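What follows is one structure encoded as C-alpha cells, with my remarks underneath.
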Amino acid sequence: MEIDAVRALIEAGLDQCEAHVEGDGRHFEAVVICPAFQGKSMVRQHRMVYAAVKEQMDSGLLHALSLRTFTPETWAARKG
Amino acid sequence: MTVQDRIQLLVNSHKVVLFMKGDRLFPQCGFSGKAIQVLDACGAEFDTVNVLLDNEIRQGIKEFSSWPTVPQLYVNGEFVGGSDILLNLYESGELQRMLS
C-alpha cells in the first residue's frame, strides 16, 4: 500500500481527523489526531483507527500499523 | 472446545499472558520483541503463547479481542493492548502499577 492511501483511509474513516503516516509499504506508523479520541482509552482510540482500515488489514494488504493517537489538545501540548 | 474457548482458558489461567510471535527468549518479530522488552523492564512475571505454533490461535486471537495485530497482552483476563500501547503505559508508569 502507498503511504497516501493509508492516510486517506484513516482520514476518511474518522471525523475531523488528521493522520501523519510513514512506512515502507508493509509496515506503517501513523500519528492520528482526532477530537473524537477525547475521554477514550488508548485501546478504544486505536480500535477506531483499526476500524477505518479493517478491510485492508483483513486482506493482508496492510500488514502492520503502529499507532500514536492524540486529541488536538494533547498533540498541541506535545509539540510546544 | 472451540478456539475461542481455548483462548478464553489461556487468558483465564495466567495473571499476565502475552500472545506473541515467537517466545520470550526468541521473539520472532520486532513488535513482539518490543513487548517482551517492556515486560522484562517491569520485572513482571508473565507467560507467553507463541501464535506461530498454532494457526487457529493466530487467527482466533484477533477475533477474540477485535484487535487486528499481535502481540496482545492480557492482564487478569482483560485485553490491555499491543506493543504501542504497552510502551505508552510503561512510559507513564501505568503498566508497572497494573502488573504489581
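So, B:Arg24, is that one of a type in the set (Lys, Arg), surrounded by fewer than 18 Cβ atoms within 10 Å (Cβ to Cβ) and not in a helix (DSSP H, G or I) or not? The answer is yes for B:Arg24. Report yes if A:Ala51 is within 14 Å of chain B (Cβ to nearest Cβ) and small (Gly, Ala, Ser), otherwise no. So A:Ala51 passes the test.
Taking the stretch A:2-17, which residues are under 17 Å from A:Ala51 (Cβ atoms) and either open to solvent by less than 80 Å² (accessible area, probe 1.4 Å) or under 10 Å from the mean Cα position of the chain (by Cα) (or both)? Even if it seems obvious, please write down each step before you answer.
Here is the first cut: in the stretch A:2-17, the residues under 17 Å from A:Ala51 (Cβ atoms) are A:5-17.
Once the filter is applied, which keeps residues that are under 17 Å from A:Ala51 (Cβ atoms) and either open to solvent by less than 80 Å² (accessible area, probe 1.4 Å) or under 10 Å from the mean Cα position of the chain (by Cα) (or both), the stretch A:2-17 yields A:Ala5, A:Val6, A:Arg7, A:Ala8, A:Leu9, A:Ile10, A:Glu11, A:Gly13, A:Leu14, A:Cys17.
For A:Leu67, the conditions (1) within 14 Å of chain B (Cβ to nearest Cβ); (2) open to solvent by 80 Å² or more (accessible area, probe 1.4 Å); (3) in contact (Cβ under 8 Å) with a residue 24 or more places away in the chain; (4) not hydroxyl-bearing (Ser, Thr, Tyr) are fulfilled apart from (2).
Might you let me know whether the stretch A:9-28 holds any residue that is assigned to a helix (DSSP H, G or I) and touching a strand residue (DSSP E or B) at 6+ places or on another chain (Cβ under 8 Å)? Yes, that holds for at least one residue. Sort out which residues of the stretch B:53-100 are touching a helix residue (DSSP H, G or I) at 6+ places or on another chain (Cβ under 7 Å), open to solvent by 70 Å² or more (accessible area, probe 1.4 Å) and more than 14 Å from chain A (Cβ to nearest Cβ), and write them in order of number. Scanning the stretch B:53-100 gives a single hit, B:Glu56.
The values are calculated or read from the model by the stated rules, or taken from the named source; none is laboratory data. These numbers were taken from a predicted model, which means no experiment stands behind them. So basically every Cβ, Gly included, is an ideal-geometry build from the backbone, and we count neighbours across all protein chains shown. We work out accessible area using only protein heavy atoms, side chains counted, and drop any ligands, DNA or RNA first. Shrake-Rupley method; radii C 1.70, N 1.55, O 1.52, S 1.80 Å.
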